[in-house]
Amino acid sequence: MAYFFFNSPEYLARNTTNPAFIGNLYRTFFQREPEEDGLAFWLEQLAEGSPRNDVMGGFLYSQEFTDFMGYLGF
């Protein structure tokens, strides 16, 4: 579902900056703001050419998101 949202014409039309995109991922997957080191890490991944969908996959398949979903009973 996240891939559909973050690749929707409406979201893409917003032309979000990389920092805003990373912030959106943190709020979507972790329900929190990014910490300084995490933000820097993901911005570096984007700067080095990682596609946004690959970065989003890093959030989707992270232990933090897995733990959060487990907490919710999924």
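For this structure, a couple of remarks:
- Scanning the range 17-38 for residues that are of a type in the set (F, W, Y) and in contact with a Pro (Cβ under 7 Å, 6 or more places away or on another chain) yields a single hit, Y26.
- Top-ranked residue of the range 16-59 - restricted to ones that are touching a residue at least 24 places away in the same chain (Cβ under 8 Å) and exposed (fewer than 15 other Cβ atoms within 10 Å of the Cβ), ranked as farthest from M1 (Cα to Cα): A47
- Residues that are of a type in the set (S, T, Y), assigned to a helix (DSSP H, G or I) and farther than 14 Å from T28 by Cα, drawn from the range 45-74: Y71
- Odd one out for E33, checked against (1) part of a loop (DSSP other than H, G, I, E, B); (2) closer than 13 Å to N53 by Cα: (2)
All of the numbers you see were taken from the coordinates with simple rules; none came from a lab. This one's a predicted model, so the numbers in the text were calculated from it and none came from an experiment. Using ideal geometry, Cβ is built from the backbone for each residue, glycine included, and neighbour counts are taken over all protein chains shown.
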